Amino acid sequence: MTLHGSKTFVGFGFGAIQAGLFLYEAHRSGNFGRLVVAEVVPDVVAMLRQAGGVYAVNVAHPEGVEHAHIGPVTIEQPGVEADRARLIADIAAAEEIGTAIPSVAYYVSDGPGSLHRVLAAGLRRKAAIGGPRAVVYAAENHNHAAEILEAAVMAEVPEEERAAVADRVRFLNTVIGKMSGVITDPGEIAEQALEPVAPGSTRAFLVEEFNRILITRISFEAPFQRGIDVFAEKDDLLPFEEAKLYGHNATHALAAYLAALAGLTVMSGLRQLSKAMAFLRAAFLEESGAALIRKRAGVDPLFTPEGYAAYAYDLLVRMTNPYLHDLVERVGRDPQRKLGWDDRLIGTMRVALGQGVTPWRYAVGAAAAAAVLDRRTLDDPTLLRDVLTGLWQPASPAPAEQEAVLALVAENQGWVRQWIRGSAEIN
């Protein structure tokens, strides 16, 4: 397997998004002659090197799973001095860089191998040698990931070099609505006939085919030609980030908690529950959609009844794709975070209430999530209040708004009890 093209791509983190989106699309574009990834886990580095830098990714389409082979990819361990030196040289030569690590909290760590220090060293060299301009895609799930990363990197650049470095790089936020995961259960890998990451590996990348990723508009003075040309640039990502959090993520979580309480193990099982799918569509369109269309009218065709309906129907099909084999447990994990004041379920309720829309279906989702967290909340209003207000305390919500949200969640606990008994009437 050979690479064609003249560009260099460097990624940080060898997980499903890096492997199944950035490296995958860079490889497919035909525009890159060199693909590089930094990974901190020694066993993963050794595994990819032993495989000659070629790995497999399983891509779920509506009609089946495609096995794609990507590479060769050069993998470096930034904590190792020799690897780090090569990585810094590759950053200096790169036109596109992508970070896809667990969270923005991992941008900065102790030691010379910290992401922000390595990236700063590479960009300093780029500026010093007149290397190509570059963009950095920050793929961590945070509305201001790019700004956080840029601040951390620039703090490592001597003041007298900052202007030259800033002239060569742009840090971009992303809205990534691509569902993906790393499958580690041997039975699941065998059942789905997935190809492991590399021969002998106990892990498999499984991602959906979706690649309509939104990024911050690039602001170089002269035109900049991206090698990964499938991404779409937007002047303001915030409305689309809201659509992802309060549309995609909120409805995905609502679906997962309904599925969990119905005893389902995979999200595709919801397709057999027609009332559940109707309920999810209504939540998406009548609550999330109605609120965001009012809030963001005129921003983009997405925020119209027709545009949002197409968005919702497409996502519901993708969320329940049987070939993605998305586990209910995976989608519904960490209900404490998903019940946060500013997160998907409660955040969607707050946006809807602020736009004069009653989000009773997302209130059902919040009650269901609380029941997954602690089943006793369904029969103990005081415990429900204590659980939710405890999760919301860090945000210091306004008392009146908190009471309005609490009341709506409590009002819909009966619906959840009916759902568990299998007799919920979904309108």
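Given the chain, report the % of alpha carbon pairs whose separation exceeds 41 Å.
Values: 18150 of 90951 pairs.
For the chain, the share of Cα pairs beyond 41 Å comes to 20 percent.
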So what J values fall out for region 134-139 if you push phi through Karplus, 6.51 cos²θ - 1.76 cosθ + 1.60 with θ = phi - 60°, rounded to Hz, Gly and Pro as x? 9, 10, 10, 7, 9, 9
Wrap a convex hull around the Cα atoms of region 284-413, take a quarter of its surface area, and give that in square nanometres. 8.5
Karplus couplings for region 15-22 from phi (6.51 cos²θ - 1.76 cosθ + 1.60, θ = phi - 60°), rounded to Hz, Gly and Pro as x? x, 5, 6, 5, 6, x, 10, 5
So how do H27, H4 line up by other beta-carbon neighbours within 10 Å, fewest first? H4, H27
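In what sequence do W419, W392 fall when counting other Cβ within 10 Å, fewest first?
Values: W419 23, W392 18.
In order of increasing Cβ crowding within 10 Å: W392, W419.
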When the dipole is taken about the Cα centre of the chain, and only Lys, Arg (+1) and Asp, Glu (-1) are charged at their Cβ, what size is it in debye, to the nearest 20? 320
Of all DSSP beta bridges in the chain, antiparallel share, percent nearest 5: 35
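Can you give me the relative contact order of region 239-421 as a percent, contacts being Cα pairs under 8 Å and 6 or more apart?
Values: 235 pairs, mean separation 51.2, N = 183.
Normalised by residue count, the contact order of region 239-421 is 28 percent.
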How large is log10 I(q)/I(0) at q = 0.20 Å⁻¹ when the Debye formula is applied to the Cα atoms of region 290-338, each weighted equally and without solvent? -0.79
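Among R318, R86, rank each residue by its count of other Cβ atoms within 10 Å, from fewest to most, as a rough exposure measure.
Values: R318 21, R86 13.
Taking fewest neighbouring Cβ atoms as first place, the list is R86, R318.
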When the scattering of region 1-105 is computed by the Debye formula from its Cα atoms alone, each counted once and equally, what is log10 I(q)/I(0) at q = 0.12, 0.15, 0.19 Å⁻¹? -0.38, -0.59, -0.94
Per-residue ellipticity at 222 nm attributable to helices in the chain (runs of n ≥ 4 DSSP H, -39500 (n - 2.57) apiece, nearest 500 deg cm²/dmol) works out to -12500 deg cm²/dmol
For a quick check: with amide H placed at 1.01 Å from N, whose amide H comes under 5 Å from I75's, ignoring anything fewer than 5 positions away on the same chain? V37
Considering the options A152, A407, Y308, tell which one lies farthest towards the positive end of the dipole of the chain, charges being +1 on Lys and Arg and -1 on Asp and Glu at the Cβ, about the Cα centre. Y308
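Throughout, read-outs are computed from the coordinates displayed, never taken from laboratory work. Note that the structure is a prediction, hence the values are computed from the model and not measured. As a convention, Cβ positions derive from the backbone with ideal geometry for all residues, glycine included, and neighbour counts pool all protein chains shown.
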